[in-house]
Protein chains: 2
Amino acid sequence: MQYLKIMEAINEQIDAGLLAAGNKLPAERKLAESFNTTRVTLRESLALLEAEGKLYREDRRGWFVSPEPLRYDPTFTTDFPAMACAQNRQARSELLSANLVPASRRAASLLQVPPLSEVYRIDRLRYLDERPVVVVTNFILPEYFPNLLDHDVTTSLTATYRKQFDVIYTRTRYRVSTTSLLGDTAHALRATSGSPAMLVERLNYDQHNNLIDCDLEYWRHDAICIESMATLEK
Amino acid sequence: MQYLKIMEAINEQIDAGLLAAGNKLPAERKLAESFNTTRVTLRESLALLEAEGKLYREDRRGWFVSPEPLRYDPTFTTDFPAMACAQNRQARSELLSANLVPASRRAASLLQVPPLSEVYRIDRLRYLDERPVVVVTNFILPEYFPNLLDHDVTTSLTATYRKQFDVIYTRTRYRVSTTSLLGDTAHALRATSGSPAMLVERLNYDQHNNLIDCDLEYWRHDAICIESMATLEK
DNA sequence: GAGTGGTCTAGACCACTTT
DNA sequence: AAGTGGTCTAGACCACTCG
């Protein structure tokens, strides 16, 4: 089992600091040669290290050492920049699109509205230390946010909610599962189609316990780890 | 990009019910032939479907369609059989070992005790509908549970805690990340070394807010999805 | 334009599971 | 004993990135 030995060897180099977070690995052909194997076998090792979250890949650009994951606590805040800042990381968001659209089947089901009801859909790409790590799609119920798009949605949505509409996130129902990146989502994250990813779905409720919006967050799975404290109810 | 087309084709067959949960796929050579490709390309598709959680693999036995994941709510209960039962699934546990051992570095750090302090270590393998899905290692502080091993640890630990020691889980700090399965853990789960997995680490506190034990849970990553409700504190 | 990663082919051998 | 999955080899072509 060569591929296990190669995994170990690369892991050791990372742990020893020879390969620092964000560093690019040598070309596959060179790595294959230096491990005295073929590209196919080498890529098996790399793919497993990717699945493990030790390495990540940028499509056609190469393999890189994963930085520490962002600790994501669903209990604390929904505010990405604040979360990043609290962990001494730099955050940045890019607005991909903001529209009033007929709800997709998935969105309608999550928001418990009839299919094709009109909802706001806001897509963002978020960067962590200049690396694109998550594509967030928000589906927002217009009844609580009339003319939302006349306001600034390029920065923090939670801030706009609070300042313009007196709406504060109070509770959230979340669900974390594994998926893979496809099409535009993959492309925005500079990932190869089919790469493993983490999907975080959230349903957000305001201070009156009304369901006000939902998020679908497609994360590069090495970029987050879920971490929280829970008081057991049973 | 053949491998994407193959992924889609297999996905469709699953969605259409032609391949039901738990079913074994045809042999790789047959699949490769029917998709008019080679085993290498076919296995690329299968590996991605595995990463996505649609398929799983049993070492040297073949590829299977993943059942629905167990919804795991860290807020509700730490009791695996109860969780499974509430979702109409059948659960079973196997005791792998139970010993008093010097704490490993990881365990000592989690439990905040000096390295090599003696702690109980209990390893279990848990089955969901007769499929092994998680290896759980418990490290338990002996000071709260004198002579723990004289009691029954083959069934529910929480029950023993409660009945024999008046200790009730009250709070838990958890952390979810991705890893890969290696060695004995992989073998117990009938997985190939290096397969992607989910690691759930928990620190459990009793009704007096004392840290009493910790768990390391290595899950087949297609077998669970984290799902919870949180009240935001900020 | 050179080099790189993405994708694919057509085999092979072994150890293990299954029949 | 036959079949299967696990692993590996030694190439190839293309589209893209990067200097």
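For region B:93-107, how many residues are surrounded by 17 or more Cβ atoms within 10 Å (Cβ to Cβ) and under 13 Å from residue B:216 (Cα atoms)?
The qualifying residues number 1.
Filter region B:44-60 for residues that are within 9 Å of DNA strand C (Cβ to nearest atom) and over 20 Å from the mean Cα position of the chain (by Cα) and give the result.
Answer for region B:44-60, where residues must be within 9 Å of DNA strand C (Cβ to nearest atom) and over 20 Å from the mean Cα position of the chain (by Cα): B:44, B:45, B:60.
Look through A:55, A:48, A:31 and report the one residue that is within 14 Å of another protein chain (Cβ to nearest Cβ) and within 16 Å of DNA strand D (Cβ to nearest atom). I'd like the intermediate steps shown before the answer.
Values: A:55 fails: within 16 Å of DNA strand D (Cβ to nearest atom); A:31 fails: within 14 Å of another protein chain (Cβ to nearest Cβ).
On inspection, the qualifying residue turns out to be A:48.
Please note which strands (runs of 3 or more DSSP E) are completely contained in region B:1-104 and include at least 2 residues that are at pLDDT 90 or above and within 30 Å of residue B:168 (Cα to Cα).
B:70-72, B:91-102
Tell me which residues, restricted to region B:194-229, are within 22 Å of residue A:198 (Cα to Cα) and free of Cβ contacts under 8 Å to residues at least 40 places away in the same chain. So that I can check it myself, show each step before the final result.
Quick first cut of region B:194-229, residues within 22 Å of residue A:198 (Cα to Cα) only: B:194-202, B:216-229.
Answer for region B:194-229, where residues must be within 22 Å of residue A:198 (Cα to Cα) and free of Cβ contacts under 8 Å to residues at least 40 places away in the same chain: B:194, B:197, B:198, B:199.
Residue A:157 - would you say it is outside the structural domain of residue A:75 (by TED's automatic domain parsing), farther than 30 Å from residue A:47 by Cα and among the aliphatic types (A, V, I, L, M)?
On the way: outside the structural domain of residue A:75 (by TED's automatic domain parsing): no; farther than 30 Å from residue A:47 by Cα: yes; among the aliphatic types (A, V, I, L, M): yes.
In short, no.
Which residue, of A:9, A:16, A:82, A:20, is within 30 Å of residue A:161 (Cβ to Cβ), surrounded by fewer than 17 Cβ atoms within 10 Å (Cβ to Cβ) and away from DNA strand C (no atom under 16 Å from the Cβ)?
Just one listed residue meets the conditions, A:82.
Please find, within region B:119-174, the residue that is surrounded by the most Cβ atoms within 10 Å (Cβ to Cβ) out of those that are part of a helix (DSSP H, G or I) and within 14 Å of chain A (Cβ to nearest Cβ).
Selected residue: B:161.
Report those strands (runs of 3 or more DSSP E) wholly inside region A:181-234 carrying at least 1 residues which are buried (at least 21 other Cβ atoms within 10 Å of the Cβ) and away from chain B (no Cβ under 11 Å).
On the way: elements: A:196-205, A:211-220, A:224-231.
Of the strands (runs of 3 or more DSSP E) lying wholly inside region A:181-234, those with at least 1 residues that are buried (at least 21 other Cβ atoms within 10 Å of the Cβ) and away from chain B (no Cβ under 11 Å) span A:211-220.
The values are calculated or read from the model by the stated rules, or taken from the named source; none is laboratory data. What you see is a predicted model; the values in this text were computed from it and never measured. We place every Cβ from the backbone using ideal geometry, glycine too, and count neighbours over all the protein chains shown.
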